Every structure is written in C-alpha cells, then in structure tokens.
Amino acid sequence: MTLDKRLGQRFLPYGANYLDWSDMTELREVIDHRVLFRYQTETESMASRLERETSERLGAAHTLAVHNCTEALRLALIATRPSIGDPVYIPAVTFVAVAGAVLSCGLIPVLVDTDDSLSLDPTLLPADAERVIVAHMEGTVAPLPEGVPYVVEDCAQSLGARFPDGRAVGTVGYAGTFSFHHNKVLTSGEGGLVVTNDEQAWATMRCYHDHGSARVPGRYPTWNQDAYYGENFVTSEQVAAVQCQQFRHLDELLDGLERMYAIAMRDLPDRADLEVRPRAAGDAKVSLRFRCRDRALRDAAVAALSAEGIANWTLNKYLLPEHPVLAGRRSLYADGFPWNHAPDGPLALSHDGFVRTRDRLDRTLCVPLSPELPEAEQVGAVKAIRRVLEAV
C-alpha cells in the first residue's frame, strides 16, 4: 500500500500488518499435527508454548491463555475468592468490558475518576479498598495504587509498555490481563492472556478456566477430587499459534512505533491550541494524543483528518458514567443481579462529578501511528498529518 493511497492512515491494526502466510510456521505446525485442542497431546501444546514464551518475555511467573481479555479479567477477580456484592474500583474511563467482567463475577463496579492522563486517580481510593482494576489505556503506563491487596492491571491496549523501573505492565500488580482483539497491539482476531506472580492465584485460575480441574495433558478429561465448578475458557491451538507468530514481531512493531513517534514529535505543528500530549519513555507509543483548546477545534480536526482518509478517534465512548450498563444498572437477571446487592446511591468517586474528565475527553484527539512503514514513508505520513492539522 503506497503512501498516496494511505494518506497517512494506519491501514490495518498494528499486529495485523505482520500477518503473512509465509511466516505462519507455528500455525502450519498445528495443522500438520492435526490436533487443535491443547490437552489432547502429552507433548508441549502450542498454547503451553505461548504461555512459556510470553512468561519469559514479560517476566511473569505464570501465564494462562484464554479466549479474550474479558475472561482474563474475570479469572483474575475470581482468583481473589470474593463474596457476592464486593466492590471493585475501576477507572471511569475505560472500555465497558471492564465493568462487564466485574458484574459477571457478581461484584459491584465503583467508578473512580481520572487524573490528567485519563488514568485512574489512586488518590481517590478509600483506605479499605481491596480490589482495584487499573487500565493502561492506549499504551499509557498508569500509576498503580499502593497498599491494595488485589490490583489487576488491564493491559489490553498496552502490550510492550514498561514501568520506569523496567518491569512490564501486567507484572507489578496481583495479575495482569492482555487482549489479542483485532485492533490491539498484537492480534489473533480474539484471544487473551492473564499473567500473575502469585502461585495460588495461577492454580485457581488454571482450574476455573477448565471446568474446575487442573488438566493432565494427554489424559483429558480427568477430574481432581477437590474440583469445584468452573467454566470453559480454554484457548485453541490454532489461535495460540497465531499469537506465537505475532509475539515474534513485537520488538519490530514497538521499534516502528518509537521511530514514527520520534519523527512526529520533531515535525508536528507547533500550535498552542492543539497540544501534543507527551508520552513517557516506557509507554507503548500506539498513537499521538492531542488536547485541543475546545471541543469545536477537536471536532474540526476530526472532520479534516477524516476527509483526507487519515485515521483518528476520540475517547468519549470510554466514559463509563454515561454507559447504560452503569447509569441504568442494567442486568438480564429477573432480580437485577448483581446490582440487587449494590448499595443505594452513587457508585462513584470523583472530586467534581467527572466535570474535568468530561472536558478532557471532549478536547482529546488520537491519531494512530504506523509501525510497519519504512522510515521514509513514516516521514511522509507525519507530513500529511501536519498539513491537515495546520489548516484546521
């Protein structure tokens, strides 16, 4: 795809640009083996290989592959052995799947307002908070609260990001969750991982994700005498194979993002009313994030970029206080479960009723980067973005 056709747009989501049949050695291995279920063989399954390699890559003691990141969040919460109706503090700005994972575990989401980076503000948490989900949105490394027993890091949009001390996101809290949805850093269409350094948490998650028992490869199905009920979150061999292929390109992808980000920071328009929000060194630099003077300018920039075919998005859709699941306490259960276990009154912590957060979202514009492009084409793509934004 040449630049004149791309017009600066990231043509496919990040990892999708690295999908190539000639490179799918793991997938061919699975098909040649003719076994698509991870526990069917006594030899190392592709899912087990994925877990081993990603544990080594991320620096986590344990990794479990599942169908998607929502399941990963559920497993992390279930492993804490909660009681029905327990509160879970979640960011006010994140994808609704975070709230859905909490509710599907019979727990109650409590929205916590954000700081200037649109990450959960840990200063708002009560002293007795036990369960907190922190979302590292758009590659940004969010601060983690201290003194909370169960901090779950939602890393769906931040694979490859690192804390200032060098540790990978997802490995600092009680558990970390990752997504391989189509528009994430790496993709297998769907798919997820949960990582933890807690031995007991991993054992619980491993059993729960396959009907409550720890499986013996090559001897499926077998049952533990102390089995409890669980669900089927077991990934398939072919999906794990695609994820293994994707992980082989992670460094290449991250390097491409760093390169284009550096080019953009040198060559974007210098406008006081269109501020580029700088990223930290450890962020996965998946996009340029602008903060505009007002919503009118933001909307004008969106229209101008879209007219030129340059990909962009806003973040208002992530404001959970306005989502019907939260605002209306929606449930498919006849008795309203689990909302019927929630206290009356607001389930939110904010300094100002989310006024500043709404304002920041109204003025935020994101433009994705294109890590797969050669440097010369990245330069051209940045020039196309600059040309449009200078004219707004």
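The values are calculated or read from the model by the stated rules, or taken from the named source; none is laboratory data. Please read all numbers here as calculations on a predicted model, not as lab measurements. We place every Cβ from the backbone using ideal geometry, glycine too, and count neighbours over all the protein chains shown. Calculation scope for accessible area: heavy atoms of the full protein, side chains included, ligands and nucleic acids excluded. Shrake-Rupley method; radii C 1.70, N 1.55, O 1.52, S 1.80 Å.
Summary table below
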quantity: The range 167-318 - share of DSSP beta bridges that are antiparallel (%, nearest 5); calculated: 90 percent
quantity: Computed E for A280/I84 - FRET, C-beta separation, R0 22 angstrom, nearest 0.05; calculated: 0.05
quantity: Rounded to 5, the percent of DSSP beta bridges in the chain classed as antiparallel; calculated: 60 percent
quantity: Exposure ranking of K317, K184 by accessible area [1.4 Å probe, largest first]; calculated: K317, K184
quantity: All-pairs Cα distance distribution in the range 286-392, expressed in whole percent, bin size 5 Å; calculated: 2, 10, 16, 16, 12, 11, 9, 9, 7, 4, 3, 1
quantity: L349 long-range amide H proximity, modeled H, under 5 Å; calculated: L111, V112, D113
quantity: Shape category assigned to the range 116-159 from the gyration tensor of Cα positions, a/c cut at 1.5; calculated: oblate
quantity: Sparse-neighbour loop sites [chymotrypsin sites (Phe, Trp or Tyr not before Pro); the range 239-333; at most 11 other C-beta within 10 Å; DSSP]; calculated: Y333
quantity: Surface per residue (accessible, 1.4 Å probe) for the chain, Å²; calculated: 43 Å²
quantity: Loop chymotrypsin sites (Phe, Trp or Tyr not before Pro), the range 194-241, which have at most 10 other Cβ atoms in a 10 Å radius of their Cβ (DSSP); calculated: Y229
quantity: Selection of GluC sites (Glu not before Pro), the range 9-83, meeting DSSP coil and at most 13 other Cβ within 10 Å; calculated: E42, E44
quantity: The chain - percent relative contact order, Cα under 8 Å, separation 6 or more; calculated: 24 percent
quantity: Dimensions in Å of the chain - Rg and Dmax from alpha carbons; calculated: 21.6, 69
quantity: Whole-angstrom Cα spans of the range 1-147 along principal axes, big to small; calculated: 54, 51, 27
quantity: Cβ charges +1 (Lys, Arg) and -1 (Asp, Glu), total dipole of the range 128-211, debye; calculated: 260 debye
quantity: The range 303-349 - convex hull of the alpha-carbon atoms, volume per residue in Å³; calculated: 116 Å³
quantity: Global form of the range 64-113, assessed from the alpha-carbon gyration tensor, a/c cut-off 1.5; calculated: oblate
quantity: The range 141-225 - Kirkwood radius from inverse mean 1/r over Cα pairs (Å); calculated: 14.6 Å
quantity: Fraction of accessible area attributable to carbon and sulfur, the chain (%, probe 1.4 Å); calculated: 52 percent
quantity: Other-chain or far-sequence residues with amide H under 5 Å of V286's (modelled H); calculated: none
quantity: From the C-alpha gyration tensor of the range 166-312, square roots of 5λ in Å; calculated: 43, 16, 16
quantity: Rel. contact order, % - alpha carbon contacts under 8 angstrom, at least six apart, the range 1-120; calculated: 16 percent
quantity: Most mobile listed residue (V239, V355, V172) in the chain, GNM with C-alpha springs under 10 Å; calculated: V355
